[in-house]
1. Looking at LEU315, is it surrounded by 17 or more Cβ atoms within 10 Å (Cβ to Cβ) and more than 28 Å from ASP201 (Cα to Cα)?
2. Is it the case that the range 173-193 has a residue that's in contact with a Ser or Thr (Cβ under 8 Å, 6 or more places away or on another chain), among the basic types (Lys, Arg) and either surrounded by fewer than 19 Cβ atoms within 10 Å (Cβ to Cβ) or outside the structural domain of THR401 (by TED's automatic domain parsing) (or both)?
3. Suppose we filter THR312, THR325 for residues that are outside the structural domain of GLN427 (by TED's automatic domain parsing) and within 18 Å of the chain's Cα centre (by Cα); which single one remains?
4. Only residues that are in a loop (DSSP other than H, G, I, E, B) and in contact with a helix residue (DSSP H, G or I) (Cβ under 8 Å, 6 or more places away or on another chain): list them for the range 304-324, please.
5. Spot the failing condition for GLY362; the list is (1) more than 21 Å from the chain's Cα centre (by Cα); (2) surrounded by 12 or more Cβ atoms within 10 Å (Cβ to Cβ), and only one is missed.
6. Kindly indicate the residue of the range 66-82 that is among the β-branched types (Val, Ile, Thr), at pLDDT 95 or above and within 20 Å of the chain's Cα centre (by Cα) and also surrounded by the most Cβ atoms within 10 Å (Cβ to Cβ) among those meeting that condition.
7. Sort through ARG63, ARG91 and tell me the only one that's closer than 30 Å to PRO404 by Cα, surrounded by 18 or more Cβ atoms within 10 Å (Cβ to Cβ) and of a type outside the set (A, V, I, L, M, F, W, C).
Amino acid sequence: MFGTAGTVGSTQFQVGFALPMTNRLFYRLLAHRIVRVGDPTVKITDIDVIPIHPRLATRYAGREIWGAAIDHRTVYRVRADNGLVGYGDHRLVGPSRAALQPLIGCDPFEFVGNDFDPGLGGALYDLMGKSLDVPAYRLMGPKVRDAISVAAWTSRASADDFGREVGRAAQQGYGVIKMHTAPFFDILEQTQAAEAIAPLDFRLHYDLNGNRTLATALRLLRQLEAHPIVGYIEDPFPKADRDAWCRLRAQSHIPLIFHVAATHTRLPELAAGVADTYLFSGVSIGRTLSGGAACACANTQVLLQLTGGTLTKALALHMAAVLPTATGHSIHLDDQYEDDVTTTRLPVVAGASKVPDGPGLGVEVDEDALTRLAERAAAPPVAPPRCVGILRLPGDRSWYTAVPPDVVRLTGREEGDLRGICVDLWQDDGSENFARIYGEVSREGAVEVDPAP
């Protein structure tokens, strides 16, 4: 057992992880390697937790509201007494700098297989790899592949916008794109728009948000099966409804993806056979590697989703390089930003990115860019423009709504059960009419447009 203990805020914590026998042997060999290079006492001297605020890609102009959840990230910078610096990145709010004081003075190699946030964990692996002058995957296990399948991502989009995003992704070299569905857009119209522009071998990965019943999901998948471009369905049901998962899997030929979250890594679903692929998202490095090994023992595909920039993508590629069944498309957000903190991005060629082979994570950080994006995060927030949704329903009915509209409450129908639904965004144009409608929507939540007498 390797680990550490300390205090985060007012909470006592103990981080420990048991390594399988092969990894224990690997750790001993690693220790010998450290001694051989004459650097046996590397110590962490400082850890910076740096919020950043990168700009969204310019193609989101006018619909930035759909990307509001992804435009803030956290960069971790770990310094050591050998003069080296490790960096990591993750799209979650980080702990305070003071909360990480228990790690100061520790040897970073104590945290092989750590259970920290993957942003911090990635920074430690970056530092360890640089200290040994080896790629991070060398500290994770035997490398089994040189390149990893990767997917593009897009925020919620109308059918027309989704078609453009699919075209953009294909042009950039991707073969898969992931999108969360939304109750205010018609998934069949989105699929048809994608088919009209995508190459024949391009595939869609739809995340259904874990909010359906079997009755609605089964009917929807029957319709989607008529479209070969639909390659993957993630989270059609709540995680606890294993019966629905198994019944849908038995009745549909579209592969099902089960999202394994940081609080849900024991994988009883693997034994229950609820899905074809298990997606590890935001899970610590240690739990991702151990969970991925369990999936390999069951000959079940693994898909890694680490959301952030190029540093985050690099970490995911290193982990996928050593997991035998990590042949699913790795998902990140590096294609969502105009800005990043690295000097280069990781190219996508024929749907895959090569695993970096430089020391640590294998990408270089631009400290000037990091400072610039940190300053943007520290600046007073700019209020987004006021916005009203115009929700268009079947039967030529329309409603002014808040954004996003609460379609399920307004219609009484499950997400994905309405054809022809869409929402347009009406941004504040300074008119008296907008001010009046915005006020009514703020008070009532939704106001019908020209209701029938």
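The values are calculated or read from the model by the stated rules, or taken from the named source; none is laboratory data. None of these values were measured; they are calculated from a predicted model. Cβ: placed from backbone, ideal geometry, glycine included. Neighbour counts: every protein chain shown.
1. Working: surrounded by 17 or more Cβ atoms within 10 Å (Cβ to Cβ): yes; more than 28 Å from ASP201 (Cα to Cα): no.
Against the criterion (surrounded by 17 or more Cβ atoms within 10 Å (Cβ to Cβ) and more than 28 Å from ASP201 (Cα to Cα)), LEU315 does not qualify.
2. There is at least one residue in the range 173-193 that is in contact with a Ser or Thr (Cβ under 8 Å, 6 or more places away or on another chain), among the basic types (Lys, Arg) and either surrounded by fewer than 19 Cβ atoms within 10 Å (Cβ to Cβ) or outside the structural domain of THR401 (by TED's automatic domain parsing) (or both).
3. Values: THR325 fails: within 18 Å of the chain's Cα centre (by Cα).
After ruling out the rest, the residue left standing is THR312.
4. Pass one, the range 304-324, residues in a loop (DSSP other than H, G, I, E, B): 306-309, 323-324.
LEU306, GLY308, GLY309, LEU323, PRO324 - these are the residues of the range 304-324 that are in a loop (DSSP other than H, G, I, E, B) and in contact with a helix residue (DSSP H, G or I) (Cβ under 8 Å, 6 or more places away or on another chain).
5. Just one mismatch for GLY362, condition (1).
6. VAL75
7. Details: ARG63 fails: surrounded by 18 or more Cβ atoms within 10 Å (Cβ to Cβ).
Step by step, each of ARG63, ARG91 is checked, and only ARG91 is closer than 30 Å to PRO404 by Cα, surrounded by 18 or more Cβ atoms within 10 Å (Cβ to Cβ) and of a type outside the set (A, V, I, L, M, F, W, C).
Condition check ((1) β-branched (Val, Ile, Thr); (2) free of Cβ contacts under 8 Å to residues at least 60 places away in the same chain) across all residues:
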| residue | (1), (2) |
| --- | --- |
| GLY231 | no, yes |
| CYS246 | no, yes |
| LEU256 | no, yes |
| LEU270 | no, yes |
| PHE280 | no, yes |
| ILE285 | yes, no |
| LEU317 | no, no |
| SER330 | no, no |
| ASP340 | no, no |
